[in-house]
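**Q** Here it is, the structure in full.
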Amino acid sequence: MCAGCFIHLLADARLKEEQATCPNCRCEISKSLCCRNLAVEKAVSELPSECGFCLRPFPRSLLERHQKEECQDRVTQCKYKRIGCPWHGPFHELTVHEAACAHPTKTGNELMEILDEMDQSHRKEMQLYNSIFSLLSFEKIGYTEVQFRPYRTDDFITRLYYETPRFTVLNQTWVLKARVNDSERNPNLSCKRTLSFQLLLKSKVTAPLECSFLLLKGPYDDVKISPVIYHFVFTNESNETDYVPLPIVDSVECNKLLAAKNINLRLFLFQIQK
């Protein structure tokens, strides 16, 4: 089976607390039991597959190059997109469009308005990175690798959740919890998969502890996580954050995490000094 379906099967088995099995012969499957079948991969690479743009058949081994470089129907953008042209269409129409594109003839004031809108979008993207750079100047910074382990609730309707062992950062003891699809009843029935997490302070503090924190992928994982910075003021009375989204790119990446025996991530904590 293909890698995407294999990972999806492992993730479904984790959600249902079952052993993953092959849908054809029903034997047990796992990452440790299965391996790549190079002979089949080579045979499959020669099978025809339709181009997503022109719908012509090509051997799979040639399809990627055709779609990226050769297909006359592949979607492309105007060369004036840098000054705001929103056009995108088939490659064979590109020359005609660029010859008639109105953006090169716009006045300076019109272009400035367009570029201002583009700059605002760019500034929002840069705000995250500037925030991270600011956090790196804090006096107290800590990080650690954390490992979420799967557990089941003791309720009448059991639900899957994840929790880390206690760990120490910034001289305080913490725990992280995570849940799938906000603990919906049957997440295995949904094609969309999400993870959210909660940070809990287990130590007693003598004064409010204001922190910024974010989760990133671990040093040996390939899951795609877009960093998001969260803030919270911890006290003895309010020692746990709300559940916040783990910013995984999509459900495919979420299935990669769910298919693993444990989820390994890296936590960064920044203590805000008053």
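**Q** Extension gain Glu41-Gln273, at 0.36 nm per residue separation less the Cα-Cα distance, in nm?
**A** This chain segment gains 77.9 nm when fully extended.
**Q** Below 17 Å, Cα to Cα, which aspartates and glutamates can Lys261 reach? Residues fewer than 8 away in the same chain don't count.
**A** Hits, sequence-local ones excluded: Asp12, Glu17, Glu18, Glu28, Glu145, Glu163, Asp221, Asp222, Glu253.
**Q** For the pair Phe138 and Glu110, how long in nm is the line joining their label points, each one 7 Å along Cα→Cβ?
**A** A separation of 4.8 nm, rounded to one decimal place.
**Q** Considering all projection directions equally, how large on average is the shadow of the alpha-carbon convex hull of the chain, in square nanometres?
**A** 21.4 nm²
**Q** Can you list residues whose amide H is under 5 Å from Thr21's amide H, if they're 5+ apart or on another chain and H is modeled 1.01 Å from N?
**A** Hits under the 5 Å cutoff: Ile29.
**Q** I've got another one for you. Counting only residues 5 or more places away or on other chains, whose amide H sits under 5 Å from the amide H of Lys202 once H atoms are built in the peptide plane?
**A** Answer set, sorted by chain and number: Thr173, Trp174, Val175.
**Q** How large is ³J(HN,Hα) for each residue in the stretch 26-36, as worked out from phi by the Karplus curve 6.51 cos²θ - 1.76 cosθ + 1.60 (θ = phi - 60°), to whole Hz, x for Gly and Pro?
**A** After applying 6.51 cos²θ - 1.76 cosθ + 1.60, I find 6, 7, 5, 10, 6, 4, 7, 8, 10, 8, 6 Hz.
**Q** Now for a separate question. Can you pull the three principal axis extents for the Cα set of the stretch 3-69, in Å, largest first?
**A** Largest to smallest, the principal-axis extents are 44, 25, 19 Å.
**Q** Which one of Arg82, Arg193, Arg152 has the biggest mean-square fluctuation once the chain is modelled by GNM with Cα springs under 10 Å?
**A** The residue that fluctuates most here is Arg82.
**Q** For the stretch 70-81, what does the Karplus curve 6.51 cos²θ - 1.76 cosθ + 1.60, with θ = phi - 60°, yield as ³J(HN,Hα) per residue in whole Hz, taken in order and with x for Gly and Pro?
**A** Karplus-based 3J(HN,Hα) across the stretch 70-81 equals 10, 5, 6, 9, 5, 6, 9, 10, 5, 5, 8, 4 Hz.
**Q** Test of understanding: extend the Cα→C-beta vector of Ala102 to 7 Å, then name every residue of the stretch 66-87 with backbone N under 15 Å from that spot.
**A** Zone members listed by number: 84-87.
**Q** Just to confirm my numbers, what's the Cα centroid distance between the stretch 1-65 and the stretch 130-207 in Å?
**A** 32 Å
**Q** Quick check on the chain: helices-only [θ] at 222 nm, where DSSP H runs of length 4 and up contribute -39,500 (n - 2.57) each and the sum goes over total residues. Nearest 500, please.
**A** Value at 222 nm, helices only, nearest 500: -8000 deg cm²/dmol.
**Q** May I pose another question? Go through the stretch 207-236 and name the chymotrypsin sites (Phe, Trp or Tyr not before Pro) that are in a DSSP coil and have 10 or fewer other Cβ atoms within 10 Å of their Cβ.
**A** Values: sites: Phe213, Tyr220, Tyr230, Phe232, Phe234; in loops: Tyr220.
Answer by residue number: Tyr220.
**Q** Under the rule of at least 5 residues apart or a separate chain, name every residue whose amide H is placed under 5 Å from the amide H of Lys140.
**A** When sequence neighbours closer than 5 places are left aside, the close amide H contacts are Gln271.
**Q** Can you name the helices of the chain, as whole DSSP H runs, whose Cα span along the helix axis is 30 Å or more and whose Kyte-Doolittle mean is not below -1.0?
**A** 108-135
**Q** For the stretch 140-271, what log10 I(q)/I(0) values come out of the Debye formula at q = 0.10, 0.12, 0.15 1/Å, with one point per alpha carbon and no solvent?
**A** -0.32, -0.46, -0.72
**Q** With only alpha-carbon pairs counted, each pair once and no self-pairs, how large is the Kirkwood hydrodynamic radius of the stretch 32-185 in angstroms?
**A** Details: mean 1/r = 0.0442 Å⁻¹.
Final number for the Kirkwood radius of the stretch 32-185 is 22.6 Å.
**Q** Continuing with this model, one more query. Apply the Karplus curve 6.51 cos²θ - 1.76 cosθ + 1.60, θ = phi - 60°, to the phi angles in the stretch 208-224 and return the couplings in whole Hz, x for Gly and Pro.
**A** Working through the residues one at a time gives x, 10, 8, 9, 10, 8, 7, 10, 10, 5, x, x, 10, 9, 10, 5, 9 Hz.
**Q** How much FRET efficiency would the formula 1/(1 + (r/R0)^6) give for His92 and Ser61, where r is the Cβ-Cβ distance and R0 is 35 Å, rounded to 0.05?
**A** 0.90
**Q** Return the subset of Lys177/Lys256; Lys124/Lys224; Lys42/Lys81 for which the Cα-Cα distance in this structure is over 28 Å, preserving the input order.
**A** With Cα atoms farther than 28 Å apart: Lys42/Lys81.
Read-outs throughout are calculated quantities, based only on the coordinates presented, and are distinct from any laboratory measurement. Keep in mind the model is a prediction, meaning the values are calculated, not measured. No Cβ is skipped: glycine too gets one built from the backbone with ideal geometry, and neighbour counts run over all protein chains shown.
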